[in-house]
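A.B. asks: One structure, pasted below without further comment.
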Amino acid sequence: QVQLVESGGGLVQAGGSLRLSCAASGSIFSINTMGWYRQVPGTQRELVATITSSSGTNYADSVKGRFTISRDNAKGTVYLQMDSLKAEDTAVYYCYARRILVSYWGQGTQVTVSS
């Protein structure tokens, strides 16, 4: 089992920055992919960014050039640096981890960008 706890969400003005963190605990060995998804009420959860254990990254087109994902494998922690935030980035952001074909999710952290 893997537990994920997010932190770093909040309220920020458009153009500002936030940094999300997600700490994994439990059986963190053999975690391959970690990442972030987001969801607006009434819509489907969507990919924001993922990173593999060998640091391969994947970003949604809407965040490329503005968001940066990074990871500390030893600590089982993944980060999302969000710059040049826009009102449309407002959502609940969920941490994600995949280990041996099983997916895990955090509880989510709210990010609100005021225009």
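A.B. asks: Which value, in Å², gives the accessible area per residue of the stretch 49-96 when a 1.4 Å probe is used on the protein heavy atoms?
C.D. replies: 45
A.B. asks: How large, in percent, is the carbon and sulfur part of the accessible surface of the chain at a probe radius of 1.4 Å?
C.D. replies: 49
A.B. asks: Suppose R0 equals 22 Å. What FRET efficiency, 1/(1 + (r/R0)^6) with r the Cβ-Cβ distance, do Glu46 and Gln81 give to the nearest 0.05?
C.D. replies: 0.75
A.B. asks: Would you mind checking the radius of gyration and Dmax of the chain based on alpha-carbon positions, in Å?
C.D. replies: 13.4, 41
A.B. asks: Still on this structure, I have one more. Can you give the extra length, in nm with one decimal, that the chain gains between Asn73 and Ala14 once fully stretched, where that is 0.36 nm per residue apart less the Cα-Cα distance?
C.D. replies: Separation in residues times 0.36 nm, less the Cα-Cα distance, equals 18.1 nm.
The values are calculated or read from the model by the stated rules, or taken from the named source; none is laboratory data. No experiment lies behind these values; they were computed from the predicted model shown. With ideal geometry, Cβ positions are generated from the backbone for all residues, glycine too; neighbour counts draw on all protein chains shown. These area figures cover heavy atoms from the full protein model, side chains too; ligands, DNA and RNA do not enter into them. Shrake-Rupley method; radii C 1.70, N 1.55, O 1.52, S 1.80 Å.
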